[in-house]
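Every number in this text was worked out from the coordinates using simple rules, so none of it is lab data. Since this is a predicted model, take the numbers as computed values, not measurements. Cβ placement follows ideal geometry from the backbone for every residue including glycine, while neighbour counts extend to all protein chains displayed.
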Amino acid sequence: MNTCILTTTISVPFLLREYAVNALAHGWYGVEFVIVGDQSTPGEVAGLCAAWQNEFPFQFTFFDVPRQEEYLSSHPRLARLLPWNSHQRRNVGLLYALERGHDFIITIDDHNHLIPGHDFSGEHISGLGVSGSQRMVNAPTGWFNCIAMMETNCGVVFPRGFPLSRRWRGNEWALSEEICRPVVNAGLWTGDPDIDALTRIYFPVETRLPLSHESLTLARGCWCPINTQNTALHRRAAPVAFMVVMGYEFSGLRISHYCDIWMSWLLRTVVDHMGDAVRYGQPAVHQQRNEDHTFQDLRDELPGMELNETLIAACQSAELTAVTYLDSYRQLARHLELSLADHPRSSFFRYLTEQMDAWAEAVELVCPAVQPAALPEMV
C-alpha cells in the first residue's frame, strides 16, 4: 500500500530519519516522504533528502520555493490563495500526494517525535478505509474530548479548537461495537499536547500514556477537532482535507492557528454525510514545541475562537445530497456562502468558500478519479 508521510518545515527536519528507520523496521517499503518548505527553510534540506534516499528504500521529495511555484503553475487560482510563510503550504504536499495516488497520507509536524516500540505507519493505517467492527463512542453533548483518553498532570484539558461553549459540560461516554468505515485516524500526543494558548498560559500541561483505549471511533454527529499533527487520511477523505487559508483581519487582529481546525469541521461534515467515520488514539507521538510564543499564539487564536462556533453551527446545519466526497464539499461551500450571507463577517466566509472551490478545482484536475461514488475499499 502506498503511503505518504507529509510535513512542512522552516528548519532542517532531522527527525524524519526516525520515521524512515521505523517504517523500514516494520516492513513498510511503499512510503514516500514529502517535505514542503517555505521561504525561510534552509537549503541544506535538499541535500539531506538526497542522502536519506541513498540510505533508505524510500522516496524523499522536497518542495522548495521554486518547485512549489512550478507545481502550482497549473493551479493559478490555488497559487494566488496560498500565502508564503504559513502552515497552509501543506496543501501543496497534499495535492501532490493525491496526484501520486497514495492510498494513505499521514501528516506530521516537525516536532512530533516517535515513541519507541510502536509501528507508526501500521497503527495509523490498520483498518483505515475498510468497513469493520469498531469501538464506537458517543456523548450526550455531541462532543468528544480526545485528550480525555490520556493521563494529564492537571485534570481535564481540551484540544485546540474544541468549542468553548461545549467545554465543562461533563465527559460521559457511551461505548458500543458497530460496523463502520474509519477514513481518518487522529493520533494523540504525549508531552506538550495540541491545546490552545489560553490553556497553555494557565497551566503547563503534560500528557502521558497509557491511553484509556487503543482507539475510539466517533459516532455520526459526535465531533472533536482534527489537526495535522500526527493524523492519517485515507484517500477517500483526503480530497476534502484542505487547510483553510488564514490571515483575514478581524477586530484588529489576523486570524491564525485555525487552518487545520476549520479543515476538520468541513471534513467532518462530509465524512458524516458519506457514512464514514473518524478514529482517535494510537499511534501517539511525543510532542516537543520548538519555541515558546504563547502570548503571540493567543493573539493569533482569539479571532478564530470567536468565529469557530459560527462555522461549526453552519456546517452542522448543512443538508447535503451529493454522492461523492468532492461534490459534497462543493455543496457544503454553497451552503456556507448562503447561510452566512447575513453574518457580520460574511466577507470572510465568502473568502472561505472561494478557497474551497479553488481547492476542489485543483483536486479534480490532478485526480479526477476521486469523483465516482463507489471507490473500492482497501483490503
query: How do the peptides 105-112, 128-135, 197-204 rank, highest first, by the average count of neighbouring beta carbon atoms within 10 Å per residue?
result: 105-112, 128-135, 197-204
task: Springs between alpha-carbon atoms under 10 Å, Gaussian network over the chain: tell me which of I115, I147, I261 tops the mean-square fluctuations.
output: I115
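For R208 and E172, what does the FRET efficiency come to when R0 = 22 Å and r is the distance between their Cβ atoms, rounded to the nearest 0.05?
Working from the Cβ atoms, E equals 0.45.
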field: Expected-Rg normalisation [2.2 N^0.38 Å, Cα atoms] applied to the chain
entry: 0.92
Of Y280, L302, M263, farthest towards positive along the dipole that unit charges on Lys, Arg, Asp, Glu beta carbons give the stretch 255-302: Y280
Protection proxy ranking of 328-335, 251-258 - average other beta-carbon atoms within 10 Å, highest first: 328-335, 251-258
field: Likely footprinting exposure, H234, H113, fewest C-beta neighbours within 10 Å first
entry: H113, H234
message: Taking the Cα centre as origin and putting +1 on Lys and Arg beta-carbons and -1 on Asp and Glu beta-carbons, what dipole magnitude results for the stretch 242-326, to the nearest 20 debye?
response: 180
Packing rank of 237-245, 223-231, 53-61, 93-101, where each peptide gets the mean count of other beta carbons within 10 Å, highest leading: 237-245, 223-231, 93-101, 53-61
task: Quote the charge dipole size of the chain about the Cα centre in Debye, to the nearest 20; the model charges only the Cβ of Lys and Arg (+1) and of Asp and Glu (-1).
output: 500
- prompt: Among bridges DSSP assigns within the chain, what percent are antiparallel (round to 5)?
  reply: 50
- prompt: What value, in deg cm²/dmol to 500, does the helix sum -39500 (n - 2.57) over DSSP H runs of n ≥ 4 give at 222 nm once divided by the residues of the chain?
  reply: -11000 deg cm²/dmol
field: Nearest-0.05 FRET efficiency for E249 and A341, computed from C-beta distance (R0 22 Å)
entry: 0.65
